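Encoded as structure tokens, the structure appears first; notes follow it.
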Amino acid sequence: MNRPRDTEAKRCVFIAGESPLAEEYASACVGAGMEVAVRFNAGSGGKLPAGAVRRARAGKKDTLGIELTNTSRETKRKNLADMDRALPSGTPILSASAATTVAEQSAWVRAPERLIGIAALPSLLQGTLVEIAPSLPAGRQAIEASQRFFRELGKETSVVQDSPGMVLPRILCMLVNEASFALGEGIARRGDIDTAMTLGTNYPLGPLAWGMKIGLEQVRAVLEGLRREFGEERYRTAPLLSRGTLEGSAERSAGAPPTHSQKQRGNRP
Amino acid sequence: MKKTVGIIGAGTMGGGIAQVAALAGFDVLLHDVSGDALKASMERIKGDLRKSMQTGRATASDATGALTRIRPRREFNDLGAADVVIEAAVEDLEVKKEIFRALDQIVAPRAILATNTSSLSITSIGSLTKTPESVVGMHFFNPPAQMKLVEIVRGSQTSDETVRTVYEMALAMGKTPVFCSDTPGFIVNRVARPFYGEALRLLGEGTATAEQIDRIVRLSGGFRMGPFELMDMIGIDVNYAVTKSVYEQFFHEPRFRPHPIQRRMVEAGTLGRKTGLGFYRYE
Ligand SMILES: NC(=O)c1ccc[n+]([C@@H]2O[C@H](COP(=O)([O-])OP(=O)(O)OC[C@H]3O[C@@H](n4cnc5c(N)ncnc54)[C@H](O)[C@@H]3O)[C@@H](O)[C@H]2O)c1
């Protein structure tokens, strides 16, 4: 029996992906004492966290590969194929699967049994739990390896079925989408929509602020993934999100009396 | 500042709003068609004020003052003395129509008529009165004594002055008012739909169990409650009714489509905490 590679003395993680997701994972890994090499996608920017190094491709020494691209399927496909070629067989590959199903990604690699989808979206690593969705042929070894990895980051895992947007990214991005529809229709001001949702339903953050925190491009990618997979009108992207900004129509709403809102804007949170 | 507030319907919401208004110094006329409801409501308010005193949320003089400022009224016509009326009777358009037609006959010409409706159109309620410009939505959340939010809903004929007056009133009650135009579900009941709708679909598709989804939403997303625990607390029937109402008012927009799981649970009478069984079992 081979010892699973990820239990060797020092974990060496190779991360490829887009900013800020790749930074977030890289700094969490560095923080947990792992050796971290990162390759940011061309054109995505990205600041290397202290303690991590830049490297162009995965190598034989790496014990885990993490692919973190949601916004470009083409780039994701290339990153995964590269990792699949470079990493020794049996080395698990975790892949951001908020916008692309694991099933679809499985066709892009030669060894899908080591592919594990993760619900990776910017800022979600702040939570204490990470959802993972194993590929159909994934073995117990790959699943347990990914669970061990997240345990080392101080996170528990929840194993869900492969489905577009998984659980939290789907719910969250649909909330951002609905709030964006409402804002675009001018039913209320941006700040009022967020205030209403935090005070009226106890959400930890207003959906519009949350959308900005995650990044509108990421939200769009998740919604497009849902739309592609289900082919339903339900998942169409709100016009404001497609336009890529929540500014503009934001301050004018049919609900607020014009002069009053002018006067109030200064002293309202 | 408007001084006398009339409240119609001494149920969960009306009683709570009466208490909040009285604590803020308004004189309150609390009306209900049912004498029993009125009595029960006064008892609830007393109990709640007593608790507020014990926990230090209100001083003794605030609490007793508030209590003396709430006058229960069986006689509808007594509401004629109110500067602002907040209607919180049952959610039934026919009942509300009748109330607004009758109010129109008895209040002063400049009185403001507000409704706490969650799902009916302010514009259509306003159209029944001679003064649609003074009809406005004042949507409190349950329980009104604790929930800070008030959605101020402007019908297509509501005047700026009306909107401003109820805005100031909500502030005086210690609430955080937000403005919203008269659209189905206003802000909260509309924007929150996907929280339940997508969760139900995930469950229906077998992506994860209800327990798992709740846990993910709490621990990964930082929400205080997951969608299934929350539906159990709200009541599956109540949540289903809101979903259906928003869906129908948006002419069957697919984003708001209810889920068969909800309907099945309503048919089975497993309505959440209040029946001991919903998505979870309660002792
Ligand atoms: N319960 C909530 O969570 C909530 C939240 C926000 C808004 N609302 C809205 O507030 C309103 C009241 O809801 P509730 O939960 O307090 O209902 P409730 O059933 O607890 O109370 C309704 C009260 O209105 C009385 N009533 C009925 N017809 C009347 C009439 N013609 N004249 C005077 N009184 C009459 C009833 O006797 C009862 O006491 C509804 O429009 C509802 O949609 C409810």
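Legend: P(r) of the range B:148-213 from all alpha carbon pair distances, 10 Å bins from 0, whole percents, reading 19, 33, 21, 17, 10, 0. Phi-derived couplings, Karplus 6.51 cos²θ - 1.76 cosθ + 1.60 at θ = phi - 60°, listed residue by residue for the range B:16-30: x, 5, 4, 4, 4, 5, 5, 4, 7, x, 7, 7, 10, 10, 9 Hz, with x used for Gly and Pro. Inter-chain neighbour count for B:194-202: the average number of beta-carbon atoms from partner chains within 10 Å of each residue's beta-carbon is 6.
Remark: the range B:189-275 projects, on average over all directions, an area of 5.5 nm² (convex hull of Cα atoms). Note on the protein assembly as shown: antiparallel DSSP beta bridges, both residues inside, total approximately 15 percent of the bridges counted. Among beta bridges identified by DSSP and lying wholly in chain B, the antiparallel ones come to about 20 percent. Computed over the range A:5-68, the P(r) curve from all C-alpha pair distances, binned at 10 Å from the origin, holds 25, 59, 15, 1 percent per bin. Projecting the Cα atoms of B:Gly222, B:Phe26, B:Thr243 onto the charge dipole of chain B (Cβ charges, centred on the Cα centre) puts B:Gly222 farthest toward the positive pole. Dipole magnitude for chain B: about 520 debye, using +1 per Lys or Arg Cβ and -1 per Asp or Glu Cβ, origin at the Cα centre. In the protein assembly as shown, if the dipole is taken from +1 on Lys/Arg beta carbons and -1 on Asp/Glu beta carbons about the Cα centre, which of A:Cys173, A:Leu94, B:Thr207 is farthest to the positive end? Most positive-ward Cα: A:Leu94.
By how many degrees, 0 to 90 and rounded to 10, does the Cα axis of helix B:193-205 deviate from the longest principal axis of chain B? The answer is roughly 20 degrees.
Seen from A:Gly211, the other residues with C-beta closer than 12 Å to its C-beta sum to a net charge of 0, counting Lys and Arg as +1 and Asp and Glu as -1. Legend: calculated FRET efficiency, A:Glu144 to A:Lys61, from the Cβ-Cβ distance at R0 = 30 Å, rounded to 0.05, equals 0.90.
Across peptide B:144-153, the average count of Cβ atoms from other chains found within 10 Å of a residue's Cβ is 3.
Each peptide among B:101-112, A:106-117 gets the average number of other Cβ atoms lying within 10 Å of its residues, and from highest to lowest they stand as A:106-117, B:101-112. Nearest 20 debye, what's the magnitude of the dipole of the protein assembly as shown about its Cα centre given +1 on Lys and Arg Cβ and -1 on Asp and Glu Cβ? With only Lys, Arg, Asp and Glu charged at Cβ, the dipole is about 1240 debye. Buried accessible surface for the B/A chain pair comes to about 4700 Å², total over both chains, computed with a 1.4 Å probe. The angle separating the long axis of helix B:210-219 from the principal Cα axis of greatest extent in chain B is about 70 degrees. Take each peptide in A:147-158, A:76-87, count the other Cβ atoms within 10 Å of every residue, and average; sorted highest first, the result is A:76-87, A:147-158. Taking packing as the residue-averaged number of other Cβ atoms within 10 angstrom, the listed peptides A:28-39, B:212-223 run from highest to lowest as B:212-223, A:28-39. Label the range B:4-181 by shape, choosing from rounded, prolate and oblate, from the square roots a ≥ b ≥ c of the eigenvalues of the Cα gyration tensor; if a/c is under 1.5 it is rounded, and otherwise prolate applies when a/b is larger than b/c, oblate when it is not. The shape class here is prolate.
Shielding value for B:84-97 is 0, the average number of Cβ atoms from other chains within 10 Å of each residue's Cβ. Dimensions of the range A:1-158 based on its C-alpha atoms, expressed as ranges along the principal axes with the largest first, amount to 40, 33, 30 Å. Couplings for the range B:39-51, taken from phi via the Karplus curve 6.51 cos²θ - 1.76 cosθ + 1.60 with θ = phi - 60°, read 5, 4, 5, 4, 5, 4, 5, 4, x, 5, 5, 4, 5 Hz in order; Gly and Pro are left as x. The order of B:Leu149, A:Leu136 by accessible area, most exposed first and with a 1.4 Å probe, is A:Leu136, B:Leu149. Report the far tail of the P(r) of the protein assembly as shown, meaning the percent of Cα-Cα pairs longer than 39 Å. Looking at the protein assembly as shown, the distances longer than 39 Å represent 36 percent of pairs. Relative to the dominant Cα principal axis of chain A, helix A:73-86 is inclined by about 20°. Put the Cα centre of the range B:168-245 next to the Cα centre of the range B:39-99 and the gap is 28 Å.
The values are calculated or read from the model by the stated rules, or taken from the named source; none is laboratory data. Please read all numbers here as calculations on a predicted model, not as lab measurements. A quick note on method: Cβ atoms are made from the backbone with ideal geometry, for glycine too, and the neighbour counts reach across all protein chains shown. When the accessible area is computed, the model is the full protein with side chains, heavy atoms only, and any ligands, DNA or RNA have been set aside. Shrake-Rupley method; radii C 1.70, N 1.55, O 1.52, S 1.80 Å.
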